[in-house]
Amino acid sequence: MNVTALLQSFVPSTARPLAPRPYLVPSIYLTCIVGSFIPPGLIRSSSVALTVSYLIAQIPKATTGDVASDVLTPIQAVLVLMHWFDFYILHDPNDFRRSGVSEDDVKKRSVWERFKWYADLNTSMRGIGWDWRVKNIPEPTLSSPTKW
């Protein structure tokens with residue numbers, strides 16, 4: 001398969017029904033965030049990866065009518081899946097730190113604080129405020145560090 005054929009497979013054809021599915025990408029994020037609460041292991045890894053893969057497979061079945069949205073939505077969804085693999089399968093999510101948060105603060109988080117922490121970890125594409133941020137992004141200039 002050549003690159004042109006691959007790219008054309010993402011461009012909507014007139015045979016696909018016009019049916020925007022605005023819930024798919026938020027559902028993918030929510031699956032990753034809620035899946036963060038499952039204890040580490042094969043069940044968490046496989047259930048989240050399979051659910052997200054299923055949701056990603058639903059994206060090309062319909063078109064939004066906008067070529068840019070039809071091309072960028074699967075890319076964003078695959079990036080979320082890649083983040084999941086990086087943060088939860090290749091690493092332990094507790095290895096990642098927000099700027100100014102100590103290890104003791106991480107251990108004392110309530111369920112709501114963990115939900116906010118997991119949501120921020122899963123939705124931060126450039127890592128602003130995290131120890132894994134993209135190079136050349138300065139430290140956040142908050143007067144006091146965010147408590148997660």
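The values are calculated or read from the model by the stated rules, or taken from the named source; none is laboratory data. Quantities reported herein were computed from a predicted structural model and do not represent experimental measurements. Note that each Cβ is placed from the backbone with ideal geometry, even for glycine, and that neighbours are counted across all protein chains shown.
Which one is modelled with the highest pLDDT, of the residues in region 32-46 that are of a type in the set (Gly, Ala, Ser) and either touching a Cys at 6+ places or on another chain (Cβ under 9 Å) or within 16 Å of PRO93 (Cβ to Cβ) (or both)? Before the answer, list the steps.
Residues of region 32-46 of a type in the set (Gly, Ala, Ser): 35-36, 41, 45-46.
If we keep only those that are either touching a Cys at 6+ places or on another chain (Cβ under 9 Å) or within 16 Å of PRO93 (Cβ to Cβ) (or both) as well, we get 35-36, 41, 45.
On the way: GLY35: 91, SER36: 88, GLY41: 87, SER45: 88.
That would be GLY35.
Give the residue that is nearest to LEU79 (Cα to Cα), with candidates limited to residues of region 112-138 that are charged (D, E, K, R) and at pLDDT below 80.
First pass over region 112-138, keeping only residues charged (D, E, K, R): 113-114, 116, 120, 126, 131, 133, 135.
Next, only the ones that are at pLDDT below 80 stay: 126, 131, 133, 135.
Details: ARG126: 12, ASP131: 19, ARG133: 16, LYS135: 19 Å.
Residue satisfying both the conditions and the ranking: ARG126.
Any idea which of VAL80, VAL106 is within 20 Å of ASN122 (Cα to Cα), at pLDDT below 75 and assigned to a helix (DSSP H, G or I)?
Working: VAL80 fails: at pLDDT below 75.
Matching residue, one of VAL80, VAL106: VAL106.
Mind checking which residues of region 17-31 are surrounded by 11 or more Cβ atoms within 10 Å (Cβ to Cβ) and at pLDDT below 90?
PRO20, ARG21, TYR23, LEU24, VAL25
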